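Enquirer: Let me begin by handing over the structure; questions about it come next.
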Amino acid sequence: MMFSKHVSKDISAYCHGELSSEASKQFAEHIISCVRCRTKFEEIKLGIKLAEQLPQLTAPDSLWSEIESALGRESEISARVVYMRPSSSWRGRVAIAAAVILALSVGVWLYNTQPGPRSGSGQAWQVTRLGGTPKIGSSGISSRGSLAVGQWLETDENSRAQIAVGTIGNVDIDENTRVKLVETQPTEHRLELARGRMSARIWAPPRLFFVDTPSAVAADLGCAYTLEVDDKGDGRLSVTSGWVALQTKERESIVPAEASCETKLGTGPGTPYFDDSTPEFRQALKTIDFSQDPTAKANALTTMLNQSRPRDTLTLWHLLPRVNDEERVRVYEKITAFAPPPTGVTREGVLTLDQKMLEQWRVALERTWGSGGKGIPQVEKSLKGWSATPLKDVLKK
Ligand SMILES: [Zn+2]
């Protein structure tokens, strides 16, 4: 799978939703493991995104007249991009404008090279009834229906439904659940889960499918997972394959297969933990994540460290930036007892939360996060190289 053929020629078709389900799946699996194709995909995705936003872009008149005059001497534009000097604001702005135009034309050109229907925001998702009478808006569906952008799908205690997410996957909606289709674009698919439970199986490249919940956003990194939200707006994510990032502007938890993560209104995502960790470990973690009582938290940390297994460095690594200085030393020492930091990662760097060192250590630790002490090879590959587009940029909240 990892060495399958490059897929750059299929990117446009993929973005148009023109590949079959099977081909989309193969495309996504390749993208996850191939940095070269993923980089290409990201460039085109950016171009398409810019193109979609074009009608809403308003630039000051002066900027446009500068672009016009620059276009009059178009042979000089590319030279300006290369030789742009920071001190020259006029040239700088023209260079930026030229870069935007270039990105736009690449995106638009690739977007338009293939005929076929546009999967724009007007497109609806197919809904299949799995039981009872699920409702779209106020009307019940008997076997099939379609969910348009802005519409709610609601199930009661007797009904269930399945949503086909374009060609990239599907989502099962359990009983007593309310979901809204927020957006569907080649570059972003977004659902809102107000309450209830849904299970998603997505074969898209990372960060194409998002679910908003009241307390965090789930960003798909190529995976299958279950997400639930209770009446208070608190939630829980459980991942069955691949990776999911659970995030708010302040916090991000990266959750691998066989692990879960709670999320609370007002606090955001807690710390991820493996489902096979001990009940005492999980109870203690809940106190550390969500209790306001410092004594209870300190005691819970002791319990949790005592209950840790090598694989639980998933939890310990996430805790490093979330505990106080004194506690951080204890967490650090527990992780080093299982796996000393790799070359280039120092005690001082970790204790002062050096981002680069923390990332480097995470990549090393991931090798012990799979079942039976095995690594999760895809993890490393799927997350490496993503730092150029921080997860925070995709947040709407
Ligand atoms: Zn490739």
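Enquirer: Could you grab me the full set of residues in segment 147-198 that are more than 20 Å from Glu228 (Cβ to Cβ) and either of a type in the set (Asp, Glu) or without any contact (Cβ under 8 Å) to a residue 12 or more places away in the chain (or both)?
Expert: The answer is Glu183, Glu188.
Enquirer: Could I ask something else about it? Tell me which of these Ile335 doesn't satisfy, since it passes every other one: (1) under 28 Å from Val229 (Cβ atoms); (2) in contact (Cβ under 8 Å) with a residue 24 or more places away in the chain; (3) among the aliphatic types (A, V, I, L, M).
Expert: Looking at each condition in turn, Ile335 falls short on (1).
Enquirer: Oh, and also: Restricting to segment 1-27, give me the number of residues that are assigned to a loop (DSSP other than H, G, I, E, B), modelled with pLDDT under 75 and not polar (S, T, N, Q). Please lay out each step first, then the result.
Expert: From segment 1-27, those assigned to a loop (DSSP other than H, G, I, E, B) are 1-7, 16-20; that's our starting set.
With the extra rule that they be modelled with pLDDT under 75, the set shrinks to 1-4, 16-17.
After this cut, where a residue has to be not polar (S, T, N, Q) as well, the list is 1-3, 16-17.
The total comes to 5.
Enquirer: Looking only at segment 157-216, count every residue that is touching a His at 6+ places or on another chain (Cβ under 8 Å), outside any strand (DSSP E or B) and of a type in the set (A, V, I, L, M, F, W, C) and tell me the total.
Expert: Residues that pass the stated criteria total 3.
Enquirer: Separate question: Please determine whether any residue of segment 239-261 is over 24 Å from Arg367 (Cα atoms) and modelled with pLDDT of 90 or more.
Expert: So far as segment 239-261 goes, no, none of its residues is over 24 Å from Arg367 (Cα atoms) and modelled with pLDDT of 90 or more.
Enquirer: Also, quick follow-up: Which fully enclosed helices (runs of 4 or more DSSP H) of segment 224-320 have 1 or more residues being over 24 Å from the mean Cα position of the chain (by Cα)?
Expert: 279-290, 294-307
Enquirer: Related question: Looking only at segment 231-253, decide whether some residue is in contact (Cβ under 8 Å) with a residue 60 or more places away in the chain, touching a Leu at 6+ places or on another chain (Cβ under 7 Å) and of a type in the set (Val, Ile, Thr).
Expert: Checked segment 231-253: no residue is in contact (Cβ under 8 Å) with a residue 60 or more places away in the chain, touching a Leu at 6+ places or on another chain (Cβ under 7 Å) and of a type in the set (Val, Ile, Thr).
Enquirer: Related question: If you check Glu183, Glu175, which single one turns out to be surrounded by fewer than 19 Cβ atoms within 10 Å (Cβ to Cβ), acidic (Asp, Glu) and in contact with a Phe, Trp or Tyr (Cβ under 9 Å, 6 or more places away or on another chain)?
Expert: Glu183
Enquirer: Looking at Leu305, is it in contact with a helix residue (DSSP H, G or I) (Cβ under 8 Å, 6 or more places away or on another chain) and closer than 26 Å to Lys249 by Cα?
Expert: Answer is no for this residue.
The values are calculated or read from the model by the stated rules, or taken from the named source; none is laboratory data. Computed from a prediction, not measured in an experiment: that's the story for all the values here. Reconstructed Cβ throughout: ideal geometry from the backbone, glycine too, with neighbour counts over all protein chains shown.
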